[in-house]
1. Return yes or no: is residue 143 modelled with pLDDT under 85, assigned to a helix (DSSP H, G or I) and open to solvent by 80 Å² or more (accessible area, probe 1.4 Å)?
2. Search segment 18-45 for residues that are open to solvent by 60 Å² or more (accessible area, probe 1.4 Å) and pair each with any residue that is in a helix (DSSP H, G or I) and at pLDDT below 80 when their beta-carbon atoms are under 8 Å apart and the residues are at least 6 apart or on different chains.
3. Is segment 72-80 home to any residue that is within 21 Å of residue 139 (Cβ to Cβ) and either modelled with pLDDT under 90 or among the acidic types (Asp, Glu) (or both)?
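The values are calculated or read from the model by the stated rules, or taken from the named source; none is laboratory data. No experiment lies behind these values; they were computed from the predicted model shown. Backbone-built Cβ (ideal geometry, glycine too); neighbour counts: all protein chains shown. For the accessible areas, the whole protein counts, side chains as well, though only heavy atoms, and no ligand, DNA or RNA atoms are used. Shrake-Rupley method; radii C 1.70, N 1.55, O 1.52, S 1.80 Å.
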Amino acid sequence: MITPMRVFVLVFNARTENEGIHTIREGDAYSGKLRNKILMFESEDDATRFALMLEAQDFPSPTPEPMDAEEIKEFCESAGYEWEIIPENSNLVVTPPELNVEETDWQADAQKEDAVEDPFPLNQQPLEEPELSDSELEKIRRKLEGLL
């Protein structure tokens, strides 16, 4: 029996009802031949590095999530997406595209849900809690320093 290959994909709003997987749009918009491609990273560190590069481009923060490569391939086939495995310790340098899609499918869903009446008037917004714990921030800081 072959052991399933675990890969890491980037997920927005991980483990929520509004979850979305990161894709790269390739092709020519003028010819109408656009394709979406999901990157499957063999290394969690490589996935995290790519996620940090997306954040640096003012993209929403994705989370590297472990998944079975075969499940991702099946999803791609059913959705008409492409996929690419990014090998660990390869010489392949993966960088995000310079342009991002203005509105994503998962953002559109979130905006519809946000259209419900806001319980806080504009001048009475609640204080925001930090999204990451100190230990998570420290872990990210160490990874970023390792990149330098």
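1. Working: modelled with pLDDT under 85: yes; assigned to a helix (DSSP H, G or I): yes; open to solvent by 80 Å² or more (accessible area, probe 1.4 Å): no.
No: the conditions fail for residue 143.
2. Pairs found: 19/106; 45/143.
3. If we filter segment 72-80 for residues that are within 21 Å of residue 139 (Cβ to Cβ), which is where we start, we get none.
Among the residues of segment 72-80, not one is within 21 Å of residue 139 (Cβ to Cβ) and either modelled with pLDDT under 90 or among the acidic types (Asp, Glu) (or both), which makes the answer no.
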